[in-house]
Amino acid sequence: MGWRRRGVYSIFQGRGREGSTVEPSVNGERPVTTIGTTFTVRRIGEGDLNWALAEGWKDFKAKRGDLIVLALIYPLVGFLAAATALNARLLPLFFPLVAGVSILGPAVASGFYELARRRELGLESSWWHFLDPLRGRNRTALATLTAGLAILFAGWLIAASLIYDATIGGGHADGPARFLSLLFTTPPGWTMIAAGNLVGFGFAVMTLTLTLALVSFPMVVDKPVDAATAIATSIQAVRANPREAASWGLRVAGLLALGCLPIFIGLAVVLPVLGYATWHLYTRLVER
């Protein structure tokens, strides 16, 4: 069944309902639509998820983006590696910090959403357009959403630190070898792995279902809407497609895990592909 025949979850159109407000136009730019406006959300299927990933791969081949990711990721990984080598107390936070890529990824991927949008419209899509979301009229909404992700990221690091203290924190992991030994060969270490994965999954679900990833970031790149409207629309999208949203989250987690395996170099491919694919999934989910 074609995606257009799967149905529409919300029938409120982007022109807004009673109670919505619109800022006056400034210098001919599109006004920002504020909370109260609801956009049409479609129901999708597994085929749409496969299509989005395939389109993301096509965009990556046309506009790779791996050098951008390497420039962003490897200085961070190098800094973390140096910090943990100099201070053993930071060692337990190394993997939670790297895993935080899945939480902060949607903000970093905003540039890829913009490149995909411009390619879709047949506009010039040079690499300097990667930073257009930071310079655009919707940069306040983008900053608000990014702040939400940063709060989740900080919460995840605090939770990871508490789990470590409650499990193997008393084992005095004074180096990588000792830490890995405690982690993989002792019951407290196994508890830490299980608890960390469970709590990490919870934060990933919050990132997805609280809509700071699935629709909201592509939407503020695409439309002149505020952060609250983008989040409300993304909540509608998740409610309309709970199984598909969960399936997408699992695919993202799996691809990120694969990208991290060969000393993180796979992220140079995975992050741009997921960024482009998320844009295409957004175009299937939200009536534009």
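Descriptive notes on the structure:
- Among all positions in segment 207-217, there is no residue which is assigned to a helix (DSSP H, G or I), over 26 Å from VAL252 (Cα atoms) and either of a type outside the set (Ser, Thr, Tyr) or without any contact (Cβ under 8 Å) to a residue 60 or more places away in the chain (or both).
- All of PHE201, PHE179, PHE217 fail the test of being on the phi < 0 side of the Ramachandran plot, out of contact with any helix residue (DSSP H, G or I) (no Cβ under 7 Å at 6 or more places or on another chain) and of a type in the set (Phe, Trp, Tyr), apart from PHE201.
- Residue within segment 255-271 that is at pLDDT 90 or above, under 14 Å from the mean Cα position of the chain (by Cα), crowded, with 20+ Cβ neighbours inside 10 Å and under 17 Å from GLY105 (Cα atoms) present: no
- Whichever residue in segment 94-145 is outside any helix (DSSP H, G or I) and among the polar types (S, T, N, Q) and, among such residues, is surrounded by the fewest Cβ atoms within 10 Å (Cβ to Cβ): SER126
- Considering residues of segment 227-258 that are touching a residue at least 24 places away in the same chain (Cβ under 8 Å), in contact with a Gly (Cβ under 9 Å, 6 or more places away or on another chain) and of a type outside the set (Gly, Ala, Ser) only, the residue farthest from ALA204 (Cα to Cα): THR229
- Exclusive hit being within 23 Å of PRO96 (Cα to Cα) and either at pLDDT below 90 or not basic (Lys, Arg) (or both), set THR233, THR209: THR209
- Residues that are among the small types (Gly, Ala, Ser), surrounded by 15 or more Cβ atoms within 10 Å (Cβ to Cβ) and either in contact with an Asp or Glu (Cβ under 6 Å, 6 or more places away or on another chain) or free of Cβ contacts under 8 Å to residues at least 40 places away in the same chain (or both), drawn from segment 176-200: SER181, GLY189, ALA195
- Scope segment 228-237; condition surrounded by fewer than 24 Cβ atoms within 10 Å (Cβ to Cβ) and touching a helix residue (DSSP H, G or I) at 6+ places or on another chain (Cβ under 8 Å); matching residues: ILE231, ILE235
- Annotation note: of LEU142, LEU134, LEU115, the sole residue that is of a type in the set (A, V, I, L, M, F, W, C), under 30 Å from PRO224 (Cβ atoms), modelled with pLDDT of 70 or more and touching a Pro at 6+ places or on another chain (Cβ under 6 Å) is LEU142.
- Search result, residues across segment 147-175 that are farther than 30 Å from VAL108 by Cα and either at pLDDT below 85 or surrounded by fewer than 17 Cβ atoms within 10 Å (Cβ to Cβ) (or both): ASP165, ALA166, GLY169, GLY170, GLY171, HIS172, ALA173, ASP174, GLY175
- Among residues of segment 124-169, those that are out of contact with any Leu (no Cβ under 7 Å at 6 or more places or on another chain), within 18 Å of ALA194 (Cβ to Cβ) and not acidic (Asp, Glu), counted: 8
- Residues located in segment 239-252, provided they are farther than 15 Å from GLY45 by Cβ and buried (at least 16 other Cβ atoms within 10 Å of the Cβ): GLY249, VAL252
- Test result for SER247, assigned to a helix (DSSP H, G or I) and modelled with pLDDT of 90 or more: yes
The values are calculated or read from the model by the stated rules, or taken from the named source; none is laboratory data. All of these numbers come straight from a predicted model, not from anything done at the bench. Positions of Cβ are generated from backbone atoms using ideal geometry, with glycine treated the same way; all protein chains shown enter the neighbour counts.
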